[in-house]
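Enquirer: Here it is, the structure in full.
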Amino acid sequence: MKPGNADSHGVYDFWFTRLMYESGDWDVDQRMPSNIIDTLLQYTTLRVDPEEKIIPLSDSRMLTAPFCYLSGHKLVEFNPDERRNFEHYVKNGGFVFVDDCNHDIDGLFSKSFEREIVSIFGKDALKKLPKEHPIYSSFFAFDGPPATGIELNGWGDDLVHDYLQGITVNGRLGLLYSNKDYGCEWDFDWRNKRYNAEDITKFAVNIITYALSA
């Protein structure tokens, strides 16, 4: 994949922006964005850009994206430009979904990302979301965050996380943080989707419709 741009203003309501960062491994679950794009087209009337955008977190173009995604397995250690843009984006109406692809196998992604969050926003900024949070009813109805097959199959720490976390700014989420590895859950061959008894990507619709409307 090659880095793209976010010059989709006025043409699309939504474009999937993956954030590239210098540390760690940002380029995970490569089939996931196209599956989410397909799901949005299936269930919503949003004008959706069919191509994933990949933008460096240090690039100011990411500040104009309606939704950003950041994930990985390894170390997260933002450089000054990345840290500045991340803070500005979250505090000024942006929405970033951060998903721990490591699922606590050794905790490196979660520990290092959470250190970054404390250094940027303070130790009390990241809070557990109640099951009544609007993100669980923004499109489909969920009783809290749906479990992933990664968790249920005992991968990683053999723990099913029954919550998501977030940072709320002026009454809306600016950061949604998951230790559930949704990215891996949604990274499948699209031809296999029809064999699922339940569409496992539905929660992505909630996340994105919340991001666009809250």
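Enquirer: Pick from F95, F86, F109: which is among the hydrophobic types (A, V, I, L, M, F, W, C) and out of contact with any helix residue (DSSP H, G or I) (no Cβ under 8 Å at 6 or more places or on another chain)?
Expert: Just one listed residue meets the conditions, F109.
Enquirer: Inside region 72-89, can you point out the residues that are out of contact with any Phe, Trp or Tyr (no Cβ under 7 Å at 6 or more places or on another chain) and within 21 Å of Y182 (Cα to Cα)?
Expert: Correct list: L75 only.
Every read-out reported here was derived from the displayed coordinates using simple, explicitly stated rules and does not represent laboratory data. From a predicted model like this one, the values you see are computed outputs, not experimental measurements. Backbone-built Cβ (ideal geometry, glycine too); neighbour counts: all protein chains shown.
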